[in-house]
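Here is the structure we will look at.
Values quoted throughout were computed directly from the atomic coordinates according to the rules given, and no laboratory measurement underlies them. None of the values given here were measured: they were computed from a predicted structure. Every residue, glycine as well, gets a Cβ built from its backbone with ideal geometry; the counts of neighbours run over all protein chains shown.
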Amino acid sequence: MRFIFWIFFFVGAAMFQWWWSSYLSIRGVAPQCLLIFTVALAIHCGPISGQVLGFLWGLFLDMLGMHLFGAHALILSWIGYGVGRFRRQVDVTDMVPQALMIWILSLTYLLLYNLLGFLFAREFFWWGWKIFLFVPFFNVLVAPFVFYFVGLFDND
């Protein structure tokens, strides 16, 4: 029964990301919901859950775009494991540390993706200033709702 829950959780979050990016984006800018889900899941369930679902969600994102296959999976799995590993050292029960963590990880995500593009494809996949400035802000606005939703299923 628990396995079925995780399948529905994975598919639901992936479809939510696709839906928001397709229908609710503002001038092409939408929050990275799967990044936020990965961070929230790693905080509530630990590094292995964060890493595995981050990797799978990253593969989903890699299938949607064709620039650098595997980069999203690698970055989300790193973030999921890192956040899950150090979740006890940072108090993330309040909205301010959550927002700060999401903002920093959003910028880190964008920079790592560009760095991997430069390293493997010899291109710097710059998405533009609009994405770099507004996506972290949108992520911070969406994060409390995602953290609350994932907290409903907390098993600690």
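Okay, here's what the table says:
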read-out: Listed residue (Ile26, Tyr113, Val140) projecting farthest to the positive dipole end of the chain, Cβ model; value: Tyr113
read-out: Exposure proxy order (Cβ contacts within 10 Å, fewest to most) of Ser25, Ser49, Ser106; value: Ser25, Ser49, Ser106
read-out: Separation between Cα centres of the stretch 101-149 and the stretch 14-84, rounded to whole Å; value: 11 Å
read-out: Contact order normalised by residue count of the stretch 57-104, Cα under 8 Å, 6+ apart, percent; value: 25 percent
read-out: Full-stretch length increase - Trp129, Leu107 - with 0.36 nm per residue and alpha-carbon distance subtracted; value: 6.7 nm
read-out: Under Karplus coefficients 6.51, -1.76 and 1.60, residue-wise ³J(HN,Hα) of the stretch 33-47 in Hz, glycine/proline x; value: 4, 5, 5, 5, 4, 4, 5, 5, 5, 5, 5, 7, 10, x, x
read-out: Rounded, prolate or oblate (a/c below 1.5 giving rounded, otherwise prolate when a/b exceeds b/c) for the chain by Cα gyration tensor; value: rounded
read-out: Rounded to 10°, Cα long-axis angle of helix 129-151 versus longest principal axis of the chain; value: 10 degrees
read-out: Residue-averaged 222 nm ellipticity for the chain, from DSSP H runs of 4+ at -39500 (n - 2.57), nearest 500; value: -25500 deg cm²/dmol
read-out: Hz values of 3J(HN,Hα) by residue in the stretch 5-15 - Karplus curve (6.51, -1.76, 1.60), Gly and Pro given as x; value: 4, 5, 5, 5, 5, 4, 5, x, 5, 5, 5
read-out: Size of electric dipole in the stretch 1-105: Cβ of Lys, Arg +1 and of Asp, Glu -1, about Cα centre, debye, nearest 20; value: 100 debye
